[in-house]
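Since every read-out is calculated from the coordinates, none of them should be taken as a lab result. Not measured: the values here are computed from a predicted model. Note: ideal-geometry Cβ built from the backbone for every residue, glycine included; neighbour counts use all protein chains shown.
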Amino acid sequence: MNRKPSTIHLLMLSLLLVLAVSIAGCGPAREPAAEPESPEEPAEPETPSNEDPEAPEDDPEAPEEDPTAEDAPTHHVPGEVVGTEIPEGPSTREGVIMLEGMEEPIELFRHHAEALGLVTYIPEDLAVGEATGNTPAHLTIHSAYVDHVREDVYLRLSLYADDTDFEALVSRIQGQFEDDGYDIYSTEEARLFPWASHTLILQGLIDGEDYVAVIGFGNLGHRPLVAISHMPVEFSGGTEPRFAKVLENAQWYLPE
């Protein structure tokens, strides 16, 4: 007679089956496949630079150099050089001069000396002589106090040709005054001609009267300029400030 399996046996078989299935499902886990790596793009080769890394950068606002600037002469003239056109201005101006420490108002009249390329203003009590256009070109201004013109009291501006030898010119003018009885008093800068590149101050006893001549040498472009102030010493206080106004207002132009 066959014996039926007991309940205990059936439970043990069930547990063994469950355990076998659990062990089979706990095998080693498989790692996911890695994504293929993208190939790196080759780096672009650096272009060699010919620039100097230490060279200063160009300044777009920097003024351009004038290649002819070195050839341009330096002007040594009273007043200012204004360009190539005749300067405009009123026919008269009011001015002030200092006399014995006091201000004195004066009226100035416009004068155009075309022979020299010069426009200036001249005090009312000075007289203008004719300006010559020869070489050299001259402009002579005399004292004319109370309409009495003094030929020996003058300011003369002379503009010479550009081929004039400057040193020879200085020597020649100095010799002319020495021949007339003047002696060199000083070669220092003169108050009346601070613009001059060379100065002579001479004194002489002429016909029993003490005279002083101040000579300033300069240039307008390549043309030598000579300014001579000549007067008795006693006229210096009143006449020199008037001559100074003529020079202060000078405007030179260089026609093309």
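Where the eigenvalues come from the Cα gyration tensor of region 161-219, what are the semi-axes √(5λ) of the equivalent ellipsoid, largest first, in whole Å? Could the numbers behind the result be given before it?
On the way: eigenvalues 93, 43, 12 Å².
Semi-axes, largest first: 22, 15, 8 Å.
Show me 241-253, 88-100, 138-150, 191-203 ranked by packing, highest mean number of other Cβ atoms within 10 Å first.
On the way: 241-253: 20.1, 88-100: 11.2, 138-150: 15.6, 191-203: 18.1.
Ranking, from highest mean packing down: 241-253, 191-203, 138-150, 88-100.
Which of rounded, prolate or oblate describes region 72-253 when judged by the alpha-carbon gyration tensor and an a/c cut-off of 1.5?
Values: a/c = 1.64, a/b = 1.02, b/c = 1.62.
Here region 72-253 falls in the oblate category.
Please work out the Cα center distance from region 217-240 to region 112-155, rounded to the nearest Å.
One Cα centre to the other: 12 Å.
Along the Cα→Cβ direction, 7 angstrom out, place labels at L254 and E188. What is the inter-label distance in nm?
Inter-label distance under the simple model: 3.3 nm.
Expected output is a single nm value to one decimal: the length gained when fully extending between E94 and Q174, i.e. 0.36 nm times separation in residues minus the C-alpha distance. What is it?
Details: separation 80, 0.36 × 80 = 28.80 nm, distance 3.64 nm.
Here the segment from E94 to Q174 would lengthen by 25.2 nm.
Measuring from the lowest to the highest alpha carbon on each principal axis, how far does region 204-256 reach, largest first, in angstroms?
48, 20, 12
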